[in-house]
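Here the structure is laid out as structure tokens; the discussion comes afterwards.
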Amino acid sequence: MTKIVNHWIGGKTAEGASGTYGPVTDPATGAVTTKVAFATVDEVDTAVAAAKDAYATWGTSSLAKRSSILFKFRALLDANRDAIAELITAEHGKVHSDALGEVARGLEIVELACGITVQLKGELSTEVASSVDVASIRQPLGVVAGITPFNFPAMVPMWMFPLAIACGNTFVLKPSEKDPSAAMKLAELLAEAGLPDGVFNVVHGDKVAVDRLLEHPDVKAVSFVGSTPIARYIHTTASANGKRVQALGGAKNHMLVLPDADLDAAADAAVSAAYGSAGERCMAISAVVAVGAIGDELVDRIRERAEKIKIGPGNDPTSEMGPLITAVHRDKVASYVTGAAAEGAEVVLDGSGYTVEGFENGHWIGISLLDKVPTSAKAYQDEIFGPVLTVLRVDTYEEGLALINASPFGNGTAIFTRDGGAARRFQLEVEAGMVGVNVPIPVPVGYHSFGGWKDSLFGDHHIYGNDGTHFYTRGKVVTTRWPDPADGPSGVDLGFPRNH
């Protein structure tokens, strides 16, 4: 029997009323295993109304109460790591170790939210004038929404809602319809932790649900992670409707390898960063920029390592890379490889026709490595979002830096070198929001914010860290003058001397 995933509204499962369902497949077999209900405008409105009702009390609840619930949620999340990872593998396809890593990174933000009392401390200045004090405080916004992608169905929602609800907001999540079960498990664990009904809600669906959240007058802010075209649409539409927006878009992350770099370390990093999670992540290294004469040797070392990667079902503990999310996406990724030679690239490894014995209907693709790729090639210009690594050759550091800065994306980048001066110049001169020095995927820890530049971010706030706390709160400044009690009305004796 096909599993059905419904909505989560007001603290319980809400059966889909639209009669419209989307298919969820097991990427390893290609079989439809689940149907997910698609929300109507009325169902989205019901979820927002539940969140608004809950905000009336949650927004004024004590920090101690919020932290206590989040601590319980953190313990439940830790105890259910394997169960959540299994849901991710079944619907996304990534191997179990990758799925566990995703849960661990989400857990970091839950732990940050558990300490929200420190993040929400205000400021006070006394005696700015005679008997005048000024205080700055931060208060929640109200109902906020998150729209999240398929590639990290547990982690990216946890980059949003723990901080949002810790700050006193209530939350409506619209996860990817391709792998919705992880979000529902998180909702169940929040309820088990004691989160009041309506503080966290989940609605599934397509553009109908998304557009209603962007337009709804009671939604005060929208967080999004996904492709650049959709991020731009989210930002434009939600902003036009008066909402605060953080919309994280796509990426083309470059790794600059200087001639003095440890080539074994660089090759290891390139392979793990390009092919981990089958390349379906916005922090994948998809372009290696080799400086000078090291190019041939670096490509050889990458090829040797890449050829050893074992591809298979995500629930097979020997698998190191799983399938792609859908057959359509697999075919699109493959097209960049099959068309690369005609655009001037040298195809070192071609994984476009790869299959796994016994799982021939799965969404399989192998490892692809393209060398001497011109910047005019589509394989370089587009965000492929699959296990395809492009290598570009340059003669100098300056040429490599200019190539990276010319990209319309500015999410993350990395440099591999033994020279501290070169690394320092790079981190100051490169136009990207996150920089790794001898680190391939510079995803910041939870107490530093995540976000890119240029077409990789729309809006002023990065996600989680201090930016996340600021995004989910708004500042208020209170100026106060209290008369000295000795100057009070005659006849009222508070015990203060009258002559001072």
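Among the residues of segment 413-453, how many are β-branched (Val, Ile, Thr), touching a residue at least 40 places away in the same chain (Cβ under 8 Å) and not in a loop (DSSP other than H, G, I, E, B)?
Total meeting the criteria: 2.
Of all residues in segment 262-276, which are surrounded by 23 or more Cβ atoms within 10 Å (Cβ to Cβ) and not β-branched (Val, Ile, Thr)?
Ala266, Ala267, Ala269, Ala270, Ala273, Ala274, Tyr275, Gly276
Taking segment 455-500 as the region of interest, how many residues are open to solvent by less than 70 Å² (accessible area, probe 1.4 Å), among the charged types (D, E, K, R), out of contact with any helix residue (DSSP H, G or I) (no Cβ under 7 Å at 6 or more places or on another chain) and at pLDDT 90 or above?
Summing the residues that are open to solvent by less than 70 Å² (accessible area, probe 1.4 Å), among the charged types (D, E, K, R), out of contact with any helix residue (DSSP H, G or I) (no Cβ under 7 Å at 6 or more places or on another chain) and at pLDDT 90 or above in segment 455-500 gives 1.
In this structure, is Trp58 in contact with a helix residue (DSSP H, G or I) (Cβ under 7 Å, 6 or more places away or on another chain), among the aromatic types (Phe, Trp, Tyr) and over 30 Å from Gly312 (Cα atoms)?
It is false that Trp58 is in contact with a helix residue (DSSP H, G or I) (Cβ under 7 Å, 6 or more places away or on another chain), among the aromatic types (Phe, Trp, Tyr) and over 30 Å from Gly312 (Cα atoms).
Filter segment 317-327 for residues that are surrounded by fewer than 22 Cβ atoms within 10 Å (Cβ to Cβ) and touching a residue at least 12 places away in the same chain (Cβ under 8 Å) and give the result. Spell out the reasoning first.
Of segment 317-327, the ones surrounded by fewer than 22 Cβ atoms within 10 Å (Cβ to Cβ) are 317-318, 320, 326-327.
Scanning segment 317-327 gives Pro317, Glu320, Thr326, Ala327.
Answer yes or no: is there a residue in segment 284-306 that is within 22 Å of Lys178 (Cα to Cα) and buried (at least 24 other Cβ atoms within 10 Å of the Cβ).
Looking through segment 284-306, at least one residue is within 22 Å of Lys178 (Cα to Cα) and buried (at least 24 other Cβ atoms within 10 Å of the Cβ).
Check segment 328-340 and report whether any residue there is open to solvent by less than 60 Å² (accessible area, probe 1.4 Å) and on the phi > 0 side of the Ramachandran plot.
Among the residues of segment 328-340, not one is open to solvent by less than 60 Å² (accessible area, probe 1.4 Å) and on the phi > 0 side of the Ramachandran plot, which makes the answer no.
Give me the residue from segment 85-122 that is in a loop (DSSP other than H, G, I, E, B) and among the charged types (D, E, K, R) and, out of that set, surrounded by the most Cβ atoms within 10 Å (Cβ to Cβ).
The residue in question is Lys94.
Pro317 fails exactly one of the following numbered conditions: (1) in contact with a His (Cβ under 8 Å, 6 or more places away or on another chain); (2) assigned to a strand (DSSP E or B). What is the number of that condition?
(2)
Please identify the pairs in which a residue from segment 374-386 that is in a loop (DSSP other than H, G, I, E, B) has its Cβ atom under 6 Å from the Cβ atom of a residue that is open to solvent by 60 Å² or more (accessible area, probe 1.4 Å) and modelled with pLDDT of 95 or more, counting only partners at least 6 apart or on another chain.
Pairs that qualify, where the first residue is in a loop (DSSP other than H, G, I, E, B) and the partner is open to solvent by 60 Å² or more (accessible area, probe 1.4 Å) and modelled with pLDDT of 95 or more, are Ala377/Glu343.
Which of the numbered conditions does Thr126 fail, given that it passes all the others? Conditions: (1) more than 18 Å from Ser449 (Cα to Cα); (2) touching a residue at least 12 places away in the same chain (Cβ under 8 Å); (3) in contact with a strand residue (DSSP E or B) (Cβ under 7 Å, 6 or more places away or on another chain).
All conditions are met except number (2).
So in segment 420-454, with the set limited to residues that are within 26 Å of Asp260 (Cβ to Cβ) and basic (Lys, Arg), which one is surrounded by the fewest Cβ atoms within 10 Å (Cβ to Cβ)?
Going through the qualifying residues, I end up with Arg424.
I need a count of the residues in segment 363-395 that are open to solvent by 60 Å² or more (accessible area, probe 1.4 Å) and either of a type in the set (S, T, N, Q) or under 22 Å from Ala231 (Cβ atoms) (or both).
4
Going by the conditions given, is Val118 β-branched (Val, Ile, Thr) and in contact with a Lys or Arg (Cβ under 9 Å, 6 or more places away or on another chain)?
Working: β-branched (Val, Ile, Thr): yes; in contact with a Lys or Arg (Cβ under 9 Å, 6 or more places away or on another chain): no.
No: the conditions fail for Val118.
Going through Ala267, Ala273 one at a time, which residue ends up being within 24 Å of the chain's Cα centre (by Cα) and either part of a helix (DSSP H, G or I) or of a type in the set (S, T, N, Q) (or both)? Talk me through it step by step, then tell me what you get.
Details: Ala267 fails: within 24 Å of the chain's Cα centre (by Cα).
On inspection, the qualifying residue turns out to be Ala273.
Residue by residue through segment 162-185, note down the ones that are farther than 20 Å from Gly468 by Cα and out of contact with any strand residue (DSSP E or B) (no Cβ under 7 Å at 6 or more places or on another chain).
Once the filter is applied, which keeps residues that are farther than 20 Å from Gly468 by Cα and out of contact with any strand residue (DSSP E or B) (no Cβ under 7 Å at 6 or more places or on another chain), segment 162-185 yields Ser176, Ala182, Lys185.
Output the residues belonging to segment 327-372 that are among the hydroxyl-bearing types (Ser, Thr, Tyr) and part of a loop (DSSP other than H, G, I, E, B). Can you show your working first?
Within segment 327-372, the first condition is being among the hydroxyl-bearing types (Ser, Thr, Tyr), and the residues that meet it are 335-336, 338, 352, 354-355, 368.
Within segment 327-372, Ser352, Tyr354, Thr355 meet the criteria.
Pick out the one residue from Pro442, Pro497, Pro485, Pro489 that is over 26 Å from Ala145 (Cα atoms), of a type outside the set (A, V, I, L, M) and within 16 Å of the chain's Cα centre (by Cα).
Residue meeting the stated conditions: Pro442.
I'd like to check something: does segment 145-160 contain any residue that is in contact with a Pro (Cβ under 8 Å, 6 or more places away or on another chain), on the phi > 0 side of the Ramachandran plot, touching a residue at least 12 places away in the same chain (Cβ under 8 Å) and not aliphatic (A, V, I, L, M)?
No, because not a single residue in segment 145-160 is in contact with a Pro (Cβ under 8 Å, 6 or more places away or on another chain), on the phi > 0 side of the Ramachandran plot, touching a residue at least 12 places away in the same chain (Cβ under 8 Å) and not aliphatic (A, V, I, L, M).
The values are calculated or read from the model by the stated rules, or taken from the named source; none is laboratory data. Computed from a prediction, not measured in an experiment: that's the story for all the values here. Using ideal geometry, Cβ is built from the backbone for each residue, glycine included, and neighbour counts are taken over all protein chains shown. For accessibility, only protein heavy atoms count, side chains too; no ligands or nucleic acids. Shrake-Rupley method; radii C 1.70, N 1.55, O 1.52, S 1.80 Å.
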